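Chemist: One structure, pasted below without further comment.
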Amino acid sequence: MKNLLKISFILLLTFCTMTKNNPLLQISDTIYQAPPFDRIELKDYKPALIRAIDIAKNRVDSITANPEPPTFTNTIEALEYAGEEVSRVAMIFYNLNEAHTSDKMQQLAQELSPMYTEYQLYVSLNPALFERVKEVYRDRTAMELTQEQARLLEETYKGFVRNGANLSQEDKKTYGAIQEQLSLASLKFSSNVLAATNTYSLHLTLEEDLAGLPVYMKEMGKEAAAAQKKDGWVYTLDYPSYGGFMKFSTRRDLREQMWKAYNSRCLDENGNQDLIREVVSLRLQSAKLLGYDKYSDYALEQRMAKNPKTVNGFLQDLMEKTLPHARREVAEIQQYARSQGFNGLLMPWDFSYWSEKYREEKFDLSEEMLKPYFSLDKVQGAVFSLAGTLYGLQFKPAHEVPVYHPDVKVFEVTGEDGQFMALLYVDYYPRESKHSGAWMTSYREQYKHNGNEYRPLVSLVTNFTKPTATTPSLLTFNEVTTLFHEFGHCLHGMLAEGSYASLTGTSVARDFVELPSQILENWAYEPEFLKTFAVHYQTGEAIPQEMINKIVASKNYLAGFGQVRQLQYGILDMAWHDSDQVPSMDIPKFEETTLGGSIILPAIPGTAFSTAFSHIFAGGYSAGYYSYKWAEVLEADAFALFKETGIFNRETAGKFREHILSRGNIEDADVLYRKFRGRDPEPDALMQKLFPGQRSTVSP
């Protein structure tokens, strides 16, 4: 017994020492209390999260044990701040698990996620806590609350109800177990996609295998091969490598190989097929426990669309109006390919290649012509400059702020009066430790507490082509618009104003959150703005007006095809989640059946999109992928006001900042939009933008 007590004491002492000196638990001494990435080690996360959860639970227990009658301050506001340390540790860990992970970190995530979920359930299923919340909510009309306080109270109460607070004790246990399983399944899905993306590579050793590839693609392949200590050239499934190869390689056999590898990720028996059914089943079980027939009913209740009938109608209506355009576009590419000597039916691995060839001929414009004018430094400078013009923001390198990888750079963002607004971390280049795609996230949301304001720490992550020995990072025009898109999200985070982190920044309805990002893409096509930053990286010459005209003219090239593809993703998402039972058929067959008449290129056996659809199975877009198109209707209508008043008009930008960017979730999204625009959005704004001159009303 003595030995057991001695061992327990040593373990406790060790744990206390680990937490006392743990950089995740100390108030950071870096500027603006930024995460001390230079001092954080993998071993720090678990003890930090354990201690942070213990602190948070003690605060929750203090709320429930308070002998005073429940009030907004001693219950709702106290709960809002109870988990500050938990949020800090979790945001750092989970963000790095996406941007700079490792096998050990992914294994650790499997340990930490149940702990984090258990804490969330400790709060959401706490009967004593919910009783106090209910009492405050019941008496809300008698209280003198600000608009923001009233919103926090409403969202807190709804959050408890939607997370099982009204369930029986037995059902609460079931609900808790489901949430823990969901957390682990989503993590596993994401890890599998990253592993599958990193596993495949196309290793070429003969010069003739590079036929059609531009110089920058050859340099990219050479550097990738060198990184793997191989001769020749290597091409991977990271999008700059994969996308460029599919567009330019004349080797149809190699394009087919690459396409099939990309579109069969995680489809094998050790992949994500079973995980998809597990995730869908768990979500459905959870929704039914809470009294909903389907998961989509539950998910959409808090969004602008409100219900699956509206979403399905929106998607199908838009699909019906877009399909004729898409089919004409595909037929046009097919005809062009035949005119160039291609025989047979266009396959999916042919489309990027021939559509790029046709674009080059139709508009006399190619990626090779454009890329020299869009060095990453210049494009970054352009979005910074635009933020200055519209919102008075200034960006200064913050070299003293620690980073988690040498590729990451940090900027101190200040307002017109010099006041600190945010830190912006930028992480542009692909690596094996980073998931594919592009996203914005935060290491700290904006909020106020105990008389102090904590400004946001925002991160912009992409997978752009790395600089080579001879050229800087040069972007395709699609990558230019991607940077604008993600920077729009960053503005939403950086310009946040409010007291409560759960209501500020991007913490808004999922079908509203894409408005700030998608509207910013429009500036990339404005000649007046393009002239300010598109210069040749070697000569310093401004992009010719003729080339700008071609960019604008080609803006809606394949607009129908692109829109159908996005709508297919949304329809597929709803098919998984808008059912009262888990689909049982083979996943490729399920996709083919679901998409039916909207398939405009041949379906290929042995491939599927769902098994790598991280947005809905490992991200926050389940029953919500339609949001991109929903928000496009909003942004098309919103940008029309900028076009009317001037794309650099400070008054219009001020209204957009006041009513959209700074307000977060303090009011309903439709109310905020009407305050900005003075009316509801015009339903046909998107179709008019994509297909000018044709009236095709689509109601969001």
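Here, each number is a calculation from the coordinates, and none is a lab measurement. Fair warning: this is a prediction, and the values are worked out from it, not measured in the lab. We place every Cβ from the backbone using ideal geometry, glycine too, and count neighbours over all the protein chains shown.
Chemist: For the chain, give the share of DSSP beta bridges that are antiparallel, in percent and rounded to the nearest 5; count only bridges with both residues there.
Modeler: Values: 24 of 29 bridges.
Within the chain, antiparallel bridges account for around 85 percent of the total.
Chemist: Taking θ as phi - 60°, what are the ³J(HN,Hα) couplings along the stretch 294-306 by the Karplus curve (6.51, -1.76, 1.60), each to the nearest whole Hz, with x for Gly and Pro?
Modeler: Each residue's phi maps through the Karplus curve to give 9, 4, 4, 4, 5, 5, 8, 4, 9, 10, 4, 5, 6 Hz.
Chemist: Multiply the residue gap between residue 71 and residue 338 by 0.36 nm, knock off their C-alpha separation, and tell me the result in nm, one decimal place.
Modeler: Details: separation 267, 0.36 × 267 = 96.12 nm, distance 7.34 nm.
Answer, rounded to one decimal: 88.8 nm.
Chemist: I've got another one for you. What fraction, in whole percent, of alpha-carbon pairs in the stretch 372-555 exceed 28 Å separation?
Modeler: Working: 4311 of 16836 pairs.
So the pairs more than 28 Å apart make up 26 percent of the total in the stretch 372-555.
Chemist: Here's a follow-up. Give the calculated FRET efficiency between residue 20 and residue 328 to the nearest 0.05, with a Förster radius of 60 Å applied to their Cβ-Cβ distance.
Modeler: Numbers: r = 68 Å, r/R0 = 1.13.
E(calc), rounded to 0.05, equals 0.35.
Chemist: So for the stretch 2-166, if I pair up every lysine 8 or more residues apart or on another chain, how many of those pairs have alpha-carbons under 20 Å apart?
Modeler: 8
Chemist: A further question follows. Amide H neighbours of residue 444 under 5 Å, at least 5 residues apart or on other chains, H built in the peptide plane: list them.
Modeler: Amide H to amide H, under 5 Å and 5 or more residues apart or across chains, residue 444 pairs with 457.
Chemist: Multiply the residue gap between residue 405 and residue 198 by 0.36 nm, knock off their C-alpha separation, and tell me the result in nm, one decimal place.
Modeler: Values: separation 207, 0.36 × 207 = 74.52 nm, distance 1.89 nm.
Net length gain for the segment: 72.6 nm.
Chemist: While we're looking at this one, here's another question. Using the 10 angstrom Cβ neighbour count as an exposure proxy, how do 329, 84, 170 rank, fewest first? Intermediate values should be presented prior to the final figure.
Modeler: Working: 329 20, 84 17, 170 8.
Lowest count first: 170, 84, 329.
Chemist: Could you calculate the FRET efficiency of residue 253 with residue 432 from 1/(1 + (r/R0)^6), where r is the beta carbon distance between them and R0 is 30 Å, rounded to 0.05?
Modeler: About 0.65, to the nearest 0.05.
Chemist: Taking 0.36 nm per intervening residue step and subtracting the Cα-Cα distance, what contour gain separates residue 107 from residue 29 on full extension?
Modeler: Numbers: separation 78, 0.36 × 78 = 28.08 nm, distance 2.97 nm.
Additional length available on full extension: 25.1 nm.
Chemist: When 359, 444 are ordered from fewest to most other Cβ atoms inside 10 Å of their Cβ, what list results? Before the final figure, lay out each step's value.
Modeler: Numbers: 359 20, 444 24.
So the ranking, lowest neighbour count to highest, is 359, 444.
Chemist: Applying the Karplus parametrisation 6.51 cos²θ - 1.76 cosθ + 1.60 with θ = phi - 60° to the phi angles of the stretch 599-609, what ³J(HN,Hα) value in whole Hz is obtained for each residue in order, glycine and proline being reported as x?
Modeler: Per-residue couplings from phi come out as 6, 10, 10, x, 6, 10, x, x, 10, 6, 9 Hz.
Chemist: Describe numerically, in nm with one decimal, the distance between label points set 7 Å from Cα along Cα→Cβ at residue 293 and at residue 277.
Modeler: Computed distance between label sites residue 293 and residue 277 equals 2.5 nm.
Chemist: Next question. Counting pairwise Cα distances across the stretch 200-262, what percent come out greater than 19 angstrom?
Modeler: On the way: 313 of 1953 pairs.
Value for the stretch 200-262: 16 percent of Cα pairs lie more than 19 Å apart.
Chemist: Can you give the FRET efficiency to the nearest 0.05 for residue 218 and residue 585, using r as the Cβ-Cβ distance and R₀ = 41 Å? Show your work: numbers first, answer last.
Modeler: Working: r = 43 Å, r/R0 = 1.05.
Given R0 = 41 Å and the Cβ-Cβ separation, E is 0.40.
Chemist: Moving on. Looking only at Cα atoms, what is the convex hull volume of the chain per residue, in Å³? Show your work: numbers first, answer last.
Modeler: Details: hull volume 126.6 nm³, N = 700.
About 181 Å³ per residue, rounded to a whole number.
Chemist: Could you work out the helix-only [θ] at 222 nm for the chain, with each DSSP H run of four or more residues adding -39,500 (n - 2.57) and the total divided by the number of residues, to the nearest 500 deg cm²/dmol? All intermediate terms of the calculation are to be shown ahead of the outcome.
Modeler: On the way: 28 runs with 380 residues, N = 700.
Calculated at 222 nm, the ellipticity per residue is -17500 deg cm²/dmol.
Chemist: Filter the cross-link list 230/434; 218/555; 555/629; 306/655; 247/371 down to pairs whose alpha-carbon distance in this structure exceeds 24 Å.
Modeler: The answer is 218/555; 306/655.
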